[in-house]
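Below is one structure, written out as structure tokens, with a few remarks after it.
All of the numbers you see were taken from the coordinates with simple rules; none came from a lab. Everything numeric here is computed off the predicted structure, so don't read it as measured data. All Cβ positions, even for glycine, are placed from backbone atoms using ideal geometry, and neighbour counts span all protein chains on display.
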């Protein structure tokens, strides 16, 4: 059980995840699910909930790290338009696999968080947008939602109150770009998943041009604990401006890859050595991707860096989704970069010319270099393409495609030159 003493908290989202059959309502309730919901619906006001979330200091766990309470406060009220809540369960960022565990093993935690968020925002209809490949997770969610309706935890006059909310699972078709909130909204509307120009932002004009809040699975799953123990409790976990626990998906060349929920501010070294059993080869990493494949790489000099939004930004990278990909001394960094370039070229929606054309250029040049057929000007081509892609498109996919290429050239130029020199020989 989550402790009221912040210093003793070891997990929030994963607190109940290891209980057998936790996905079933009866078991979830026996372990504390929905116990606070009647009090929230009957005694809390919308303003109180939003204020607690602001006090908690929780920043979005899906990638951008925007303060959740502030995002909720942007929603205009009394416009005559319905307000929508959407859970971003697309989780398409390579290296990220945390949200699917919440949905698979403790779906009622997410549902409870969405009900509380929906109540705070005055939502009548809410949606969980889940990527198409997550068929099992979608089935688990639908079964849990059906149980919640039967128990009057969803639907009309929830638990005898005046609040009513419907919740629907919407399966996407597997497009990475639908992890971007406006592309997600376009997809739910039945259109091609392509990002919109912003502003207007979804909180003002989103789903069917109505106010819409889009939050990540992990973010919404943290709301019940915040409302149970208070915003100040959550704010005392972690470090200033980076509060609470965070789930890190660690993969790559570590001895124990997996999901680990630790306080923000935990060092990268502590996470890898104490939780993940250390590196498979050597004592220092060759490179680490700290926030999903779209984040710039770190090297051994950053091994002691605290895992926070701010510290990683200062280091020239980002926390992102918390997906940490570890490469030890045996890793082929050129092959890793080429593989990521292929992913982004495949996933570009084609709406913006720099991304549509640039991602293909990056992949083709990297393939050429990896095959030992690199041309003398290829490094300049890669740099120019990456620099002119980043920051010049509607969404950040081009930035994500450029990040590993620029990281490769910055930290491991010899790996690139090797493919060119070999050709010249």
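In a GNM of the chain with a 10 Å cut-off on Cα contacts, which of 320, 258, 358 has the highest mean-square fluctuation?
Of 320, 258, 358, the Gaussian network model singles out 258 as fluctuating most.
Return 187, 164 ranked ascending by Cβ neighbour count within 10 Å, so the fewest neighbours appear first.
Working: 187 21, 164 14.
Least to most surrounded, the residues fall as 164, 187.
I'd like the FRET efficiency for residue 346 and residue 301, computed as 1/(1 + (r/R0)^6) with the beta carbon distance as r and R0 of 30 Å, rounded to 0.05.
On the way: r = 33 Å, r/R0 = 1.09.
Using R0 = 30 Å, I get an efficiency of 0.40.
Given 0.36 nm per residue, what is the gain on full extension from residue 146 to residue 281 after removing their alpha carbon distance, in nm? Let's see the in-between values first.
On the way: separation 135, 0.36 × 135 = 48.60 nm, distance 4.77 nm.
Separation in residues times 0.36 nm, less the Cα-Cα distance, equals 43.8 nm.
Rg (Å, one decimal) plus Dmax (Å, integer) for the alpha carbons of region 242-327?
Spelled out, the Cα radius of gyration and Dmax of region 242-327 are 11.2, 33 Å.
Can you give me the pair-distance distribution of region 6-236, C-alpha pairs, 10 Å bins, whole percents?
Per 10 Å bin, starting at 0, the Cα pair percentages come out as 8, 35, 40, 16, 1.
Tell me the mean residue ellipticity at 222 nm calculated for the chain from its helices only (DSSP H runs of n ≥ 4, each -39500 (n - 2.57), averaged over every residue, nearest 500). The partial results should precede the final answer.
Working: 16 runs with 172 residues, N = 425.
For the chain, the value works out to -12000 deg cm²/dmol.
Can you sort 81, 54 so the residue with the fewest Cβ neighbours within 10 Å comes first? Don't skip to the answer; put the middle values down first.
Numbers: 81 13, 54 17.
Lowest count first: 81, 54.
Residue 204 to residue 11: extension gain in nm, 0.36 nm per residue of separation minus the Cα-Cα distance? Provide the component values of the computation, followed by the final result.
Numbers: separation 193, 0.36 × 193 = 69.48 nm, distance 3.36 nm.
Extra length available between residue 204 and residue 11 comes to 66.1 nm.
For the Cα atoms of the chain, what angle does the longest principal axis make with the long axis of helix 46-56, in degrees from 0 to 90, nearest 10?
With rounding to tens, the tilt is 40 degrees.
If each residue's Cβ is checked for other Cβ atoms within 10 Å, how do 55, 330, 243 rank with the fewest at the top?
Values: 55 17, 330 11, 243 24.
The most exposed by this proxy come first: 330, 55, 243.
Between residue 189 and residue 156, how many nm apart are label points set 7 Å from Cα along the C-beta direction?
3.1 nm
Relative contact order of the chain: what whole-number percent is it, with Cα pairs under 8 angstrom and at least 6 residues apart?
Details: 853 pairs, mean separation 67.8, N = 425.
Taking the mean separation of contacting Cα pairs over the length of the chain, I get 16 percent.
Once R0 is set to 35 Å, what does the formula 1/(1 + (r/R0)^6) return for the Cβ-Cβ distance between residue 29 and residue 77, expressed as a FRET efficiency to the nearest 0.05? Each step should come with its number before you reach the end.
Working: r = 33 Å, r/R0 = 0.93.
That gives a FRET efficiency of 0.60.
By the gyration tensor of its Cα atoms, with a ≥ b ≥ c the square roots of the eigenvalues, what is the shape of region 177-307: rounded for a/c under 1.5, prolate for a/b over b/c, or oblate?
Numbers: a/c = 2.67, a/b = 1.57, b/c = 1.70.
Cα axes put region 177-307 in the oblate bin.
Looking only at 186, 146, 301, which one moves most when the chain is put into a Gaussian network model with springs between Cα atoms under 10 Å?
Evaluated over the chain, the most mobile residue of the options is 301.
Measure nothing fancy, just the Cα-based angle from helix 333-347's long axis to the longest principal axis of the chain, in degrees from 0 to 90, nearest 10.
Helix 333-347 and the main axis of the chain meet at about 50 degrees.
Work out how much length residue 310 to residue 241 would gain on full extension: take 0.36 nm times their residue separation and subtract the Cα-Cα distance, in nm to one decimal. Each step should come with its number before you reach the end.
Working: separation 69, 0.36 × 69 = 24.84 nm, distance 0.81 nm.
Contour length minus the Cα-Cα distance gives 24.0 nm.
Throw me the Rg/Rh for region 333-424, computed over C-alpha atoms with Kirkwood Rh, two decimals.
Expressed as Rg/Rh, it is 0.96.
Would you mind computing, in nm to one decimal, how far apart the modelled labels at residue 125 and residue 256 are, each placed 7 Å from Cα along Cα→Cβ?
Result: 4.6 nm between the two label points.
Test of understanding: in a Gaussian network model of the chain with alpha carbons linked when under 10 Å, which of 250, 381, 326 would top the mean-square fluctuation ranking?
381
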